[in-house]
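One structure below.
The values are calculated or read from the model by the stated rules, or taken from the named source; none is laboratory data. Since the structure is predicted, the reported quantities are computational estimates derived from the model, not experimental observations. Heads up, the Cβs are rebuilt from the backbone with ideal geometry, glycines too, and the neighbour counts pull from every protein chain shown. Only protein heavy atoms, including side chains, enter the accessible area calculation; ligands, DNA and RNA are left aside. Shrake-Rupley method; radii C 1.70, N 1.55, O 1.52, S 1.80 Å.
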Amino acid sequence: MTRVIHTGDTHVGYRQYNSPERRADFLRAFERVVDDAVDDGVDAVVHAGDLFHDRRPELDDILGVLRSLRRLQAADVPFLAIVGNHEATRGSQWLDLFEQLGLATRLGAEPTVVGDAALYGLDFVPESRRGALDYEFEPVPASAEYAALVAHGQFDPLSVSIRGDAWDLAAVLEASTVAFDVALLGDEHAHDTVSVDGVPATYCGSTERVSAAEREGRGYNIVTFGDAAGGDAGDDGTARSVDLRRRAIGTRPFVFVSVELADGEGVERVRDRVREHDLADAVVIVEVTGEGEPVTPADVESAALAEGALVARVTDRREVLGDDDAEVPVQFADPDAAVRQRVDELGLSSAAREVDETVRASKIADSNVRETVAGAVRERIDDGDLGEFARAEKARPSEEASLGDAGESADGGGAAGNGDRSPDGTDGEAATAVADADGGVTGDGSGDASASTSPTDGSETDRGPAEEVDGPAEDEHATAEDDEPAGPGTEGGSTPDGDGATGSTDGDGQTSWGDFA
């Protein structure tokens, strides 16, 4: 029997809402996963991509991850991972650096055997390059009874891609030269588990809320290969099963408050509704609807902060009439979110997305933007990579879309089913991190306010009544014996009151898919 943690989308370094405390929360969530792995003595931690939120993480975040990886190494728990779209670079990856330091293994076309399971990796690959993939994997070693594919992307039928680049998981499994027993996926921040042509496929979900649309509790999967759940007997008479269970982790509470204003009601009514909730150290998302008076978001946000909230954001969903009487929804929470959503709807090519990221969202100095963009375009042309300039399918506009995922890397770092990787040394940033790590430099990983320029989150576009999503206590999650079977189901309950508000829910309930024989 082999037991591993399947996690991903940790997005370490994300300075959500431009808050250094939220940036620190993302590292703490990853540290909680590592704590569980060490305490439970699992056979490995499998990370399905987007370890970092940015391809240029800050030094504090790199050092924080290094500390956690050293904890795993000291406990003899391997860290196996792939590259996601957020962290991918065109050269060597941060994961390559950690592998060179002996702290991680980058999964690819060759199997990495842990116990009786062989694990393979498929990095994020942009849609324009997927046609060249042959999905050729090395054979499963005789010592392994199971084969698992770890992959990053928006896979159909589990995920409806807002980027318009859904990846057909059934086609991937059919084309692969290995018959996989399970697909362990990353990129989709909501947990989900389905069967694809008889193969269990599961998204572990993110370990922190990357957008306000992500209301359910955060966590990861525990995957057990073997006879623990009593599967059907294989050719050798032993039971074969892959058991998937969901485990919750404590995170900072998000409080969602929905206020429908009647005629004559205004900001005082909104403030009163906000004050009904425990806002201590919480992220507060307020949604205003109805026919009442105009509401200034700053007035509501200041009231929430006075009640102890860490961050407060207000979305006014009431419609205003323009000169042509067209109805236009108004969102005050974050202009960057609107920009990211519009970029998704344009159907830009991979090359255009990289240009957009460089100009609008990257940490490159303004004086170097022109040269950087020109160099990137020339490099793609010289490589004959003209498919990167092909227009992508437009994504459908969606108010409910999680915009925290919109700023993906245009190139995905190459590397996937054919084992193509870039282990040829490190770039300047990686070399600096190596020098710092070898020199014993320490950092507190607390997310100093002066360090990061990551785009702020802005998808406070979720609908629904007021809801408190708690989870700050570190000892609230279940023990290994109490883990909930992973699978689709309702995420907590609520009781509406007269104002459309509900009580609290931890959002961690999951119904069972049991084991897959």
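What to note about this one:
- Prolate/oblate/rounded call for region 34-89, Cα gyration tensor, a/c under 1.5 rounded: oblate
- For region 240-323, the Cβ-based charge dipole about the Cα centre amounts to some 960 debye (Lys, Arg positive; Asp, Glu negative; other atoms uncharged).
- Amide proton proximity set for GLU260, modelled H, under 5 Å, gap of 5+: THR289
- Area accessible to solvent at VAL355, 1.4 Å probe radius, in Å²: 50 Å²
- Summarising the amide proton neighbourhood of HIS152: residues at separation of 5 or more, or on other chains, whose placed amide H is nearer than 5 Å comprise LEU122, PHE124, GLY186.
- Mean projected area in nm² (Cα convex hull; one quarter of hull surface) for region 246-311: 5.0 nm²
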